Amino acid sequence: MEGTTVTRAGERAIDAATMIEAFHRTARAHPDSVAVRTRDDEVSITWGELRERADALAGGLAKLGLQRGDTVALMFGNSPEFHLSDLAVMTRGATPFSIYQTYTPEQIRYLISDAGARMAIVQPQFVANVLEAQKDLPDLRHLIVAGGEAPEGTIPLSEVEGADPDFDAEAAARAVQPDDVLTLIYTSGTTGPPKGVQLSHRNIMSVVASLEEIIQLPDSGARVISWLPSAHVAERNAHHYIPIVFAGTITCCQNPREILEYLPAVRPHWFFAVPRIWEKLKAGLETMLAAQPEEQRRKVESALEAAREKVRLEQAGEPVPEELAARVAAADEEMFRALRAHLGLDEVVAVNVGAAPTPPEVLEFFHAIGIELAEIWGMSETTGAGTANRPGAVKIGTVGPAAPGIEVKLAEDGEVLVRGDCNMVGYRNQPARTAETIDAEGWLHTGDVGEIDHDGYLRIVDRKKELIINAAGKNMSPTNIEAAVKSASPLIGQACAIGDRRPYNTALIVLDADFAPAWAAQQGIPDTSLEALATRDEVRAAVQEGVDAANRKLARVEQIKKFTIIAGDWQPDGDELTPTMKLKRKPIAEKYAPEIEAMYS
């Protein structure tokens, strides 16, 4: 079968009982294949070298007192040192977990205390915040700095690696058991303090096995880009654990804002991104096409419309006329192939989107140009797994059927329930919350409300606690409303729908930090800062056009009656967004209370 890593005596990494066993099998089978690199290859580490260095670092950590079952905090950007450090802690039989780069000393203190971490390994740029947090963390005994100068009271990683040449890494790795905690994923804290989701080796190995049945990755060398925060389950799965099992090559993108530049440089085989990235890719292509001479632009627009029509017919299960199919095939050869190469997505085996609803128009656009963008769904508590649209069987508007080995059903109130080896061990230090989340029959209550069609495909309506119930008692999904608004205009970067217990819906709008200034410059507007643009009449008129277009696709009760353009931008892990760009609805409601009330006065 494709997508497997074969090692000596017929061993397969995917059949390993633990992630560290899978790592050792991969390192034995592919010692000279590149495991982790930077884009310029200034750093390039093979699987054999990574195994040697992880063993050496594990020995040094053990010499510092790291015991099997201990917890180690990691605070890294997307760098080769993260993969090395995580694997070294794993080799020792301890539990590594990641902290979001933007966290304050107070937030860092909470996570390290809750996790009971005895050590922390961090990059130099995060040392000051961790040192500040350490003042109230007497159990945090060692702070190890990966690269750069190590301030007083810290230890350079280079001194730890290889400090105990007699350490038996093989024996330490063999002692790791499937039910040992592999990592902690701390929830983003939209509804209170972050909860530590404990995931075991069994959890992640079951998810990798499930993925093998969905996506046929190459036997080795599958290219992926590490660019999401390693504290997020999607990053750990897609760009750390899965490449370990499939002997992939991980290219580290240290600045997530540069991800679109990395795509054509790396040409990944598998690419996962949140909806906003796909929206930006679509807007960028449309802007590029709009700048073409009129004759060429009309030709491309006509081809795109034909391709969209073909996608709509296929999605509806209707036959595609031969003439239309031939026309789209010709357009693919003449235009769309070049567009895929321009994006860097011409060699993908699969492309996925998740973490929030994706506007159907965005999915349809990429399908039209030959990129079968597929929505998937999961959460930290399910090891990031749950449902997935399969290549060749994508149903736009759904997150697919249950993944292999996973059961999905709906409770009486529509809440999505999940059962399988993907379900977490439980929340760290919170047995009561764990019991509330996983019932006696093993069903994990996700908090998402969904619908399942006759083919078993799941559609997520919204978070159970975030549904808008207006003054008339009508239930609505704010995320679906927001997705419609954002997809209606490239000027709109973020939208937050308001309407719970209100007579009508309103929205807070944030301009797109990349598109809005470029658009303003084309209009001859002198000050293109987001703060200045938020007050311009012509900007408001353009945003109104987008809101009107969105409203035409929404039910009357869902439509946005008024909106306010917020000055400035909303940054990940700021007042308004979680690190993974989910809206912090309660803080937004509090921070912008005057603006919200003004829309209802």
State which residue is nearest to Pro360 (Cα to Cα) when the search covers only region 440-466 and only residues that are without any contact (Cβ under 8 Å) to a residue 24 or more places away in the chain and in a loop (DSSP other than H, G, I, E, B).
His454
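Results for (1) among the polar types (S, T, N, Q); (2) modelled with pLDDT under 95; (3) farther than 20 Å from Ala173 by Cα, shown as yes or no for each residue.
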{"position": "Val72", "(1), (2), (3)": "no, no, no"}
{"position": "Phe76", "(1), (2), (3)": "no, no, yes"}
{"position": "Ser85", "(1), (2), (3)": "yes, no, no"}
{"position": "Met90", "(1), (2), (3)": "no, no, no"}
{"position": "Gly93", "(1), (2), (3)": "no, no, no"}
{"position": "Ser98", "(1), (2), (3)": "yes, no, yes"}
{"position": "Val122", "(1), (2), (3)": "no, no, yes"}
Kindly check whether there is at least one residue in region 7-19 that is within 27 Å of the chain's Cα centre (by Cα), surrounded by fewer than 16 Cβ atoms within 10 Å (Cβ to Cβ) and assigned to a loop (DSSP other than H, G, I, E, B).
yes
Would you check which residues across region 135-144 are in contact (Cβ under 8 Å) with a residue 24 or more places away in the chain and either farther than 19 Å from Val72 by Cβ or surrounded by 15 or more Cβ atoms within 10 Å (Cβ to Cβ) (or both) and list them?
Leu137, Leu140, His142, Leu143, Ile144
Working carefully through the options Val399, Val425, Val394, find the one that is under 20 Å from the mean Cα position of the chain (by Cα) and under 23 Å from Thr187 (Cα atoms).
Val399
For region 335-387: of the residues being assigned to a helix (DSSP H, G or I) and of a type in the set (Asp, Glu), which is farthest from Ala222 (Cα to Cα)?
Glu361
Please find, within region 576-601, the residue that is farthest from Leu467 (Cα to Cα) out of those that are in contact with a Leu (Cβ under 8 Å, 6 or more places away or on another chain) and not in a loop (DSSP other than H, G, I, E, B).
Glu595
In region 436-472, what residues are more than 21 Å from the chain's Cα centre (by Cα) and on the phi > 0 side of the Ramachandran plot?
Gly442, Gly456
Listed residues Ala58, Ala117; which is of a type outside the set (Phe, Trp, Tyr), modelled with pLDDT of 95 or more, assigned by TED's automatic domain parsing to the domain that holds Glu258 and assigned to a loop (DSSP other than H, G, I, E, B)?
Ala117
Scanning region 252-276 for residues that are without any contact (Cβ under 8 Å) to a residue 24 or more places away in the chain and farther than 19 Å from Tyr100 by Cα gives Glu261
Count of residues meeting criterion [surrounded by fewer than 20 Cβ atoms within 10 Å (Cβ to Cβ) and over 24 Å from the mean Cα position of the chain (by Cα)] in region 473-482
3
Given the options Val197, Val181, Val176, name the one that is surrounded by 20 or more Cβ atoms within 10 Å (Cβ to Cβ), in the same structural domain as Gly48 (by TED's automatic domain parsing), over 22 Å from the mean Cα position of the chain (by Cα) and touching a residue at least 60 places away in the same chain (Cβ under 8 Å).
Val176
Taking the condition closer than 28 Å to Ala393 by Cβ, among the basic types (Lys, Arg), in contact with a helix residue (DSSP H, G or I) (Cβ under 7 Å, 6 or more places away or on another chain) and not assigned by TED's automatic domain parsing to the domain that holds Gly196, does Arg223 pass?
no
Test set (1) part of a loop (DSSP other than H, G, I, E, B); (2) within 30 Å of Glu235 (Cβ to Cβ) - Ala516 fails condition number
(1)
Considering region 69-114 alone, what residues qualify as being in a helix (DSSP H, G or I) and either over 23 Å from the mean Cα position of the chain (by Cα) or β-branched (Val, Ile, Thr) (or both)?
Ala88, Val89, Thr91, Arg92, Pro105, Glu106, Ile108, Arg109, Tyr110, Ile112, Ser113, Asp114
Does Arg109 satisfy the criteria of being basic (Lys, Arg) and in contact with a helix residue (DSSP H, G or I) (Cβ under 7 Å, 6 or more places away or on another chain)?
yes
Within region 308-332, can you find the residues that are touching a residue at least 24 places away in the same chain (Cβ under 8 Å) and either β-branched (Val, Ile, Thr) or at positive phi (or both)?
Val311, Val328
Name the residues in region 381-397 that are surrounded by fewer than 24 Cβ atoms within 10 Å (Cβ to Cβ) and either in contact with a helix residue (DSSP H, G or I) (Cβ under 8 Å, 6 or more places away or on another chain) or at pLDDT 95 or above (or both), would you?
Arg390, Pro391, Val394, Lys395, Ile396, Gly397
For Ala549, indicate whether it is within 25 Å of Tyr600 (Cα to Cα), in contact with a helix residue (DSSP H, G or I) (Cβ under 8 Å, 6 or more places away or on another chain) and touching a residue at least 60 places away in the same chain (Cβ under 8 Å).
yes
Could you please find all residues in region 198-209 being part of a helix (DSSP H, G or I) and either within 19 Å of Arg92 (Cα to Cα) or in contact with a strand residue (DSSP E or B) (Cβ under 8 Å, 6 or more places away or on another chain) (or both)?
His201, Arg202, Asn203, Ile204, Met205
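The values are calculated or read from the model by the stated rules, or taken from the named source; none is laboratory data. In this text, all values refer to a predicted model and were calculated from it rather than measured experimentally. Heads up, the Cβs are rebuilt from the backbone with ideal geometry, glycines too, and the neighbour counts pull from every protein chain shown.
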